[in-house]
1. Regarding SER131, is this residue of a type in the set (Ser, Thr, Tyr), part of a loop (DSSP other than H, G, I, E, B), modelled with pLDDT of 85 or more and farther than 30 Å from SER53 by Cα?
2. Are any residues in region 83-101 out of contact with any Asp or Glu (no Cβ under 9 Å at 6 or more places or on another chain) and open to solvent by less than 60 Å² (accessible area, probe 1.4 Å), and if so, which ones?
3. Any idea which of (1) open to solvent by 60 Å² or more (accessible area, probe 1.4 Å); (2) at pLDDT below 90; (3) under 20 Å from the mean Cα position of the chain (by Cα) is the one PRO121 doesn't satisfy?
4. Of all residues in region 167-180 being free of Cβ contacts under 8 Å to residues at least 12 places away in the same chain and among the β-branched types (Val, Ile, Thr), which is most open to solvent (accessible area, probe 1.4 Å)?
5. Would you point out the residue of region 138-155, among those that are among the hydroxyl-bearing types (Ser, Thr, Tyr) and open to solvent by less than 100 Å² (accessible area, probe 1.4 Å), that is modelled with the lowest pLDDT?
6. Inspect region 63-73 for any residue being more than 16 Å from the chain's Cα centre (by Cα), among the charged types (D, E, K, R) and open to solvent by 50 Å² or more (accessible area, probe 1.4 Å) and give the result as yes or no.
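The values are calculated or read from the model by the stated rules, or taken from the named source; none is laboratory data. Because the structure is predicted, anything quoted here is derived from the model rather than measured. Backbone-built Cβ (ideal geometry, glycine too); neighbour counts: all protein chains shown. Protein only, heavy atoms only, side chains kept; ligands, DNA and RNA dropped before computing areas. Shrake-Rupley method; radii C 1.70, N 1.55, O 1.52, S 1.80 Å.
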Amino acid sequence: FLSACGGNLGPGADSAVAEISWHEDVRPIFESNCVSCHEDGAIGSFALDTYESVYTLRAYVADSVESRRMPPWKPDEGCRELEHDISMSQEDIDTVLAWIDAGAPEGDPDLSVEGEAWEAPSLTRVDTTLSMPAEYSPARDSADDYRCFALDWPYEQDMYVTGYLVKPGNVSAVHHVIAYVISEDYVADLD
């Protein structure tokens, strides 16, 4: 059983920090940024959808959020602007860290604020759909099964790809996908 207790933050404590709570301030951040992956049946290896689950992992959460490892967003800001950036705002990061530093108070469940549910990105149009020739299941004894799959490109002429969407058959087994253009010579090395 888990219990969280509050106390006096001491003289000079920031009153805004003292008022931060899970239900009013932090829960909406997690629902908007974390829960789509960190809930039962999703790709995250543990749930972050309740006060108890986040409280238990609060040190790990602080490190992951502060370092910007979570939510994962790998593109470099200097490259170009990309749609559907899932990284947390600095304001949300500061709120989560201040909440943890204040002892991660739960607050009043009656004052709970819901976050905005994350919506999976979609494409405005689909010109081509590529499918894997055969289903693949990762090895059961592998913690991280990193694989490359070559998909036949159906066009002879040069084409511009302005977006792509990956739809895995088992979302709990696919953490990320990176697409590359490769030469025909390299395809044999993938088999």
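1. Working: of a type in the set (Ser, Thr, Tyr): yes; part of a loop (DSSP other than H, G, I, E, B): yes; modelled with pLDDT of 85 or more: yes; farther than 30 Å from SER53 by Cα: yes.
Yes: the conditions hold for SER131.
2. Matches in region 83-101: ILE86, SER87, MET88, SER89, ASP92, ILE100.
3. So the condition that PRO121 fails would be (1).
4. ILE178
5. Narrowing region 138-155 to residues among the hydroxyl-bearing types (Ser, Thr, Tyr): 142, 146, 155.
Checking the rest, the ones that are also open to solvent by less than 100 Å² (accessible area, probe 1.4 Å) come to 142, 155.
Values: SER142: 65, TYR155: 89.
Among those that are among the hydroxyl-bearing types (Ser, Thr, Tyr) and open to solvent by less than 100 Å² (accessible area, probe 1.4 Å), it is SER142.
6. First pass over region 63-73, keeping only residues more than 16 Å from the chain's Cα centre (by Cα): none.
No, the conditions are met nowhere in region 63-73.
Residues checked against (1) of a type in the set (Gly, Ala, Ser); (2) under 25 Å from ASP85 (Cβ atoms):
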position	(1), (2)
ASP101	no, no
ARG125	no, yes
ALA134	yes, no
TRP153	no, no
ASP158	no, no
LEU165	no, yes
